[in-house]
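The values are calculated or read from the model by the stated rules, or taken from the named source; none is laboratory data. Note that the structure is predicted; figures quoted are calculated from it, not measured. Backbone-built Cβ (ideal geometry, glycine too); neighbour counts: all protein chains shown. The area values use the complete protein model at the heavy-atom level, side chains included, leaving out ligands, DNA and RNA. Shrake-Rupley method; radii C 1.70, N 1.55, O 1.52, S 1.80 Å.
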Amino acid sequence: MPEISILPAVQAFIEQAHHLYIDGRYTPSHGTNRLAVYNPATGQKISSVPDATESDVDRAVTSAHQAFTSGSWRKLSPCEREATLLKLATLVERDSEILSQLETLEQGQSIVLSRILEAGGACNWIRYVAGLSTKITGQTLDVSIPIPPGARYTAMTRKEPVGVVAGIVPWNFPLIIAVWKVLPALAAGCSVVAKPADTTPLSLLYLAHLATEAGVPDGVFNVVTGAGTTTGEALVRHPKIAKISFTGSTPVGKHIATVTADRLTRLSLELGGKNPALVLADADPDLVISGLAIAGFMNQGQVCAACSRVYIEGPLFDTIAAGLHTALSSMKIGPGLDETTQINPLASRAHQAKVQNYLQDAMAAGADILWGQEPPDTSGFYVRPAIILNPKPSLKLVREEVFGPVMTLTRVESAEEGLALANDCEFGLAASVWTRSLSQAMDLPPRMEAGTVWVNSHVMIDPNMPFGGVKNSGVGKDFGTNWLDAFTETKAVCIRH
């Protein structure tokens with residue numbers, strides 16, 4: 001099947017001279033530097049965006065702060081905020097094919113995944129969080145204050161928006177993760193300055209325009225594009241940023257925590273993962289093979305919760321290894337705009353080189369590698385997917401987050417050995433257990449050091465299920481009914497009467 005045709009609206013958006021989005025409109029940068037946007041399937045430049053300066057960032061934050069203090073958004077009734085965000089969901093749904101194609105063109109992922117998870121998922125998440133706008137609650141408290149004798153008091157709590165939120169978005173799922181940063185902040189009544197990754201800025205710029213069309217007041221939702229070391233650094237250091245929501249690497253997350261410590265800036269950090277699966281001997285082989293093929297190789301393994309290391313009890317090891325190799329070998333490699341492909345290019349040339357270095361290190365060490373199909377002979381950012389059998393612990397890819405189409409399979413003698421190996425890691429984002437035993441399904445997840453543990457599944461998420469890591473995988477939780485707590489401040493009010 002040939003590649004799908006690019007919509008004229010998509011082509012026009014890509015080709016336009018892109019600016020920052022400040023105060024409800026596209027606004028030129030004060031600087032002249034621009035960052036190229038590439039199509040990962042071809043390696044060719046398709047667009048460019050401003051490399052925002054420190055003064056650009058200040059303009060955006062100032063606009064957001066003025067909008068917050070004026071109350072143009074936070075003083076609306078909860079129902080009014082909910083209605084506006086629901087309208088945004090409808091606009092995203094209206095333009096879902098435009099957003100899907102933008103995602104695939106700038107990030108490289110399958111157009112099928114862009115349609116289902118990015119654009120389609122964005123609609124679901126927006127509608128879920130819009131509903132939380134009307135569910136912000138406090139408490140009434142009976143208190144026993146003894147001074148002065150005979151005085152009576154009633155206390156209560158209320159949730160108030162924290163102020164200006166910086167949402168820093170990674171490049172693996174540019175649209176849906178932008179929604180996870182921006183929408184809960186808006187639902188809580190905050191203003192936002194969002195920064196996309198420098199390689200994948202287009203869908204967020206488009207989303208900001210849709211928010212204005214939906215009725216989000218000017219200045220409430222701003223976007224600054226640029227490099228993390230300049231634009232991102234200026235954003236996290238700005239004194240008027242009250243809260244930072246960041247998804248990305250552990251080293252960058254730790255850096256943000258360090259530079260904001262003096263201001264005690266509120267942080268939500270969803271960081272790296274080296275996510276294990278523990279497969280017991282009684283597991284359903286077909287379920288394991290199909291489930292882990294998705295969990296390990298969806299979006300070329302560029303998924304925070306992707307399964308990258310699998311520990312399999314001995315009796316099932318050969319069956320699972322052979323089945324996963326068969327599944328991987330059947331995955332067609334090609335551009336994301338080809339609806340028949342399952343493995344697509346990585347998001348950037350720099351990341352391609354990083355993943356290839358891990359594989360070259362493994363090959364030099366004599367690792368036993370099962371390969372998927374050869375990538376097409378193009379200048380795109382492809383990496384041949386691989387499964388490494390029983391890797392030596394000294395291999396870098398055993399301990400470090402590869403974030404690519406690479407999975408390790410290790411034979412273990414027992415569930416306890418597998419559990420110990422699964423927990424022997426500095427990360428703790430996600431994990432899974434595969435078993436038919438109800439007893440093991442109940443016993444093992446509480447003992448796994450991860451923020452999310454699936455049983456007989458992996459990598460599947462939902463707006464109503466909290467998600468976030470432990471250890472070096474971050475702090476804070478996204479999603480769920482308490483999602484807005486991270487974007488609000490609890491204020492106690494005490495009344496003598």
Kindly list the number of the only condition in (1) farther than 19 Å from residue 194 by Cα; (2) touching a residue at least 24 places away in the same chain (Cβ under 8 Å); (3) in the same structural domain as residue 57 (by the TED database); (4) not basic (Lys, Arg) that fails for residue 30. (1)
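Please go through region 124-144 and pick out each residue that is among the hydrophobic types (A, V, I, L, M, F, W, C) and in a loop (DSSP other than H, G, I, E, B).
Step one: of region 124-144, the residues among the hydrophobic types (A, V, I, L, M, F, W, C) are 125-126, 129-130, 132, 136, 141, 143.
The answer is 136, 143.
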Among (1) in a strand (DSSP E or B); (2) of a type outside the set (Phe, Trp, Tyr); (3) within 15 Å of the chain's Cα centre (by Cα), there is one condition residue 193 misses while meeting the rest; what is its number? (3)
Filter region 474-490 down to the residues that are touching a strand residue (DSSP E or B) at 6+ places or on another chain (Cβ under 7 Å), open to solvent by less than 30 Å² (accessible area, probe 1.4 Å) and on the phi > 0 side of the Ramachandran plot and list them by number. 474, 479
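Could you please let me know if residue 259 is crowded, with 19+ Cβ neighbours inside 10 Å and touching a residue at least 12 places away in the same chain (Cβ under 8 Å)? Walk me through it before giving the result.
Details: crowded, with 19+ Cβ neighbours inside 10 Å: no; touching a residue at least 12 places away in the same chain (Cβ under 8 Å): yes.
So residue 259 does not fit the description; no.
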What number of residues within region 384-400 are buried (at least 23 other Cβ atoms within 10 Å of the Cβ) and outside any strand (DSSP E or B)? 2
All but one of (1) in contact with a strand residue (DSSP E or B) (Cβ under 7 Å, 6 or more places away or on another chain); (2) closer than 23 Å to residue 242 by Cβ; (3) surrounded by 15 or more Cβ atoms within 10 Å (Cβ to Cβ) hold for residue 106; state the number of the condition that does not hold. (2)
Of all strands (runs of 3 or more DSSP E) fully inside region 1-56, the set with 1 or more residues that are touching a His at 6+ places or on another chain (Cβ under 6 Å) and polar (S, T, N, Q) is 25-27
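Listed residues 287, 280, 292, 267; which is in contact with a strand residue (DSSP E or B) (Cβ under 8 Å, 6 or more places away or on another chain), within 30 Å of residue 325 (Cβ to Cβ) and open to solvent by 10 Å² or more (accessible area, probe 1.4 Å)? First the steps, then the outcome.
On the way: 280 fails: open to solvent by 10 Å² or more (accessible area, probe 1.4 Å); 292 fails: open to solvent by 10 Å² or more (accessible area, probe 1.4 Å); 267 fails: within 30 Å of residue 325 (Cβ to Cβ).
None of the others qualify; the one that does is 287.
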Can you find even one residue in region 340-349 that is farther than 26 Å from residue 285 by Cβ, open to solvent by 70 Å² or more (accessible area, probe 1.4 Å), modelled with pLDDT of 95 or more and not assigned by the TED database to the domain that holds residue 40? yes
